[in-house]
Amino acid sequence: MKTLSIKIQESLLEKLDSIARKRGETRSIILREAIESIIDGENQIQKGSCLDLAKDLAGTTKGRKDLSFNKKLMEGYGR
């Protein structure tokens, strides 16, 4: 196994130590698991349509419902 040196903020180190104590593991184990989780997550491709991926957001905003087709609202846009 190779050694890696990193610099982290004091507050992040305190959180890391807290998690390590609670789990009864070393900092190295926690960091290796975190890095693996990030790398594994990067390789996952989300499946589904745009609507499927954003359906929890649909209808969560307030405002006019005719923005996509009301030409009067486009007057002066971009100026």
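The values are calculated or read from the model by the stated rules, or taken from the named source; none is laboratory data. In this text the structure is predicted, and so the values were computed from the model without any measurement. Cβ atoms come from the backbone with ideal geometry, glycine included; neighbour counts cover every protein chain shown.
Quick check: anything in region 40-53 more than 30 Å from residue 13 (Cα to Cα), surrounded by 10 or more Cβ atoms within 10 Å (Cβ to Cβ), more than 27 Å from the chain's Cα centre (by Cα) and modelled with pLDDT of 80 or more? Within region 40-53 (the criterion being more than 30 Å from residue 13 (Cα to Cα), surrounded by 10 or more Cβ atoms within 10 Å (Cβ to Cβ), more than 27 Å from the chain's Cα centre (by Cα) and modelled with pLDDT of 80 or more), the answer is no, since none of the residues qualifies. Residues that are touching a Leu at 6+ places or on another chain (Cβ under 7 Å) and in a helix (DSSP H, G or I) within region 25-46 comprise 27, 30, listed in sequence order.
Could you tell me which of the residues 15, 65, 72, 22 is assigned to a loop (DSSP other than H, G, I, E, B) and either at pLDDT below 80 or not β-branched (Val, Ile, Thr) (or both)?
The match here is 65.
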